[in-house]
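Here is the structure we will look at, set down as structure tokens.
The values are calculated or read from the model by the stated rules, or taken from the named source; none is laboratory data. In this text the structure is predicted, and so the values were computed from the model without any measurement. Note: ideal-geometry Cβ built from the backbone for every residue, glycine included; neighbour counts use all protein chains shown.
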Amino acid sequence: MDKKLSTKISILSFFLLLFVVVIHCYNIEYNNSGNNEVWFIENLISNGYLEFVVPTFFFISGYLFFLSFDLNNNNKLLFKSKLFKRLKTLGVPYLFWCTFWFLFIYLLQIIPLLKSYFSSPLHEMNLFNQFSNLILEPINYQFWFIRELLLYFLISPLIFILLKYFKYYFLPIIFLLASFKTSIFTIAEIDIFKYGMIVYFIFGAYCSLYKVNLTLKLNKYLALLLLLLWISISTIAKYYELFIVNDWKIILLSDVGALLGCIAIWSLYDIIEDKIQFKSHEVFSYGFFIYATHGIPLLLLKKVETAFFILDDKKLFILYFINFLITTVFIILIAKFLKKTFPKFYFFTTGNR
């Protein structure tokens with residue numbers, strides 16, 4: 001991978017991780033009285049326009065994993081090496097952060113003054129539900145992505161074989177299946193091998209194996225059209241989903257909007273990069289730490305705000321953006337402190353990123 005593409009992936013990944021924080025800043029519930037304009041706008045941003053974020057991450061992950069693989073070899077040793085490396089860079093942080101946040105919430109919930117703010121205390125759950133909140137469907141909820149990604153790595157030899165002999169021709173089928181069924185398996189109400197995500201991972205693998213040029217220097221008018229289509233389709237799909245009907249056609253339309261969002265953002269970077277020479281920056285290295293640590297603090301921040309202040313929808317909408325800024329800046333400051341003061345601990349918790 002050349003330096004230019006490496007910089008692109010680094011910068012895009014950082015901003016996509018910031019978008020993940022925005023997604024989780026959602027703080028307004030549906031109002032049965034019918035006054036739901038602000039609720040819809042938040043939903044539209046977090047679950048509509050930004051729906052492309054996670055698929056883009058899966059695409060990048062698939063692309064990076066299959067770098068250095070050769071379609072003409074069996075790559076047995078390379079598979080072992082890559083799997084071991086991913087277990088070290090993702091599996092270890094997964095276990096650490098899931099355990100850390102589980103224990104953090106567990107201890108908070110046994111404090112008498114705080115008990116009333118939690119509806120389902122961990123210490124009152126049976127062992128299986130505690131284990132599920134620890135590892136399977138972690139209380140550190142954004143880590144479902146890493147759990148899913150680790151499973152894709154385990155079946156990477158099968159993905160390699162499929163791409164070697166069938167290329168990308170089976171991908172549209174998987175994309176369509178996502179409109180009818182969320183995942184290949186559902187175990188203990190947990191979706192495993194999500195159709196809508198694995199298709200992007202496999203497509204990223206295809207681009208890597210077949211050396212597809214990932215620079216999309218589209219005509220500016222075509223890029224603008226893509227942006228408009230992404231915004232329009234996402235708006236229509238989310239409106240129908242929330243207010244009219246949410247059948248397979250709307251799910252498919254939403255998936256198309258996310259796909260257009262992926263392409264639009266990817267190409268927009270290349271258009272801007274032609275005019276502005278992007279450079280790597282230290283702050284981009286904090287992306288994984290932001291991802292690993294934002295979820296629980298953001299939930300607690302929202303609990304404090306709703307518990308101690310009288311907030312209407314307009315105030316909550318302002319907090320939707322303020323909470324993003326507070327959480328992100330605070331975490332970056334912690335990351336800088338840990339990286340400087342306890343570098344071994346910091347790199348351990350981030351998989352040496």
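Tabulated data for the structure shown
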item: Leading residue by the ranking (farthest from Phe347 (Cα to Cα)) among those in the stretch 96-109 that are surrounded by 14 or more Cβ atoms within 10 Å (Cβ to Cβ) and of a type in the set (A, V, I, L, M); result: Leu108
item: Cβ-Cβ under 7 Å pairs, at least 6 apart or on other chains, the stretch 72-94 side under 15 Å from Thr350 (Cβ atoms), far side part of a helix (DSSP H, G or I) and of a type in the set (Phe, Trp, Tyr); result: Arg86/Phe153; Tyr94/Phe143
item: Selected residue (criterion: nearest to Arg86 (Cα to Cα)) from residues of the stretch 124-160 that are part of a loop (DSSP other than H, G, I, E, B) and of a type outside the set (Asp, Glu); result: Ile155
item: Single residue of Ile276, Ile272, Ile250 found to be outside any helix (DSSP H, G or I) and without any contact (Cβ under 8 Å) to a residue 24 or more places away in the chain; result: Ile276
item: Answer residue from the stretch 1-19, given it is aromatic (Phe, Trp, Tyr) and within 10 Å of Val53 (Cβ to Cβ) and is surrounded by the most Cβ atoms within 10 Å (Cβ to Cβ) among those; result: Phe19
item: Residue match in the stretch 300-310 (condition: β-branched (Val, Ile, Thr), within 30 Å of Phe102 (Cα to Cα), more than 21 Å from the chain's Cα centre (by Cα) and in a helix (DSSP H, G or I)); result: yes
item: Residue within the stretch 285-297 that is at pLDDT below 90 and of a type outside the set (Ser, Thr, Tyr) present; result: no
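Matching residues to (1) aliphatic (A, V, I, L, M); (2) loosely packed, with under 13 Cβ neighbours inside 10 Å; (3) closer than 19 Å to Glu137 by Cα:
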residue	(1), (2), (3)
Leu162	yes, no, no
Phe166	no, yes, no
Pro172	no, yes, no
Leu177	yes, no, no
Thr182	no, no, yes
Ile190	yes, no, yes
Met197	yes, no, yes
Ala205	yes, no, no
